[in-house]
1. Could you list, bin by bin from short to long, the percent of Cα-Cα pairs of the chain in 10 Å steps?
2. Any chance you could check the Cα centroid distance between segment 3-38 and segment 42-73 for me, in angstrom?
3. In whole percent, what relative contact order does the chain give with Cα contacts below 8 Å and a gap of six or more residues?
C-alpha cells in the first residue's frame, strides 16, 4: 500500500455529495457522509492499473473508495 502513487499534493479534498476527485474521476465511500469529513483534505493512494478503486485514509483507517465509473472501468 505504501508504494502506490498519490496525488501531487498527497491529499484530495472531500466534496459534499461527490467524494474526492483524483485524475479527473470522482471516488466515493460511505465514510464521506460524516459531517466532520466533508470538506477536509485526506491522504489518498491509487493503483495506476485499477482506475476503479482508490484508497483514502479516513480517521486513520484505510478505506476503499469506488469510482463513479467503477462498472465501466
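1. 22, 60, 18, 0
2. Between the Cα centre of segment 3-38 and that of segment 42-73, the gap is 8 Å.
3. The normalised contact order for the chain reaches 29 percent.
Each value in this text was obtained by applying a stated rule to the coordinates, not by laboratory testing. For clarity, every value in this text was computed on a predicted model and none was experimentally measured.
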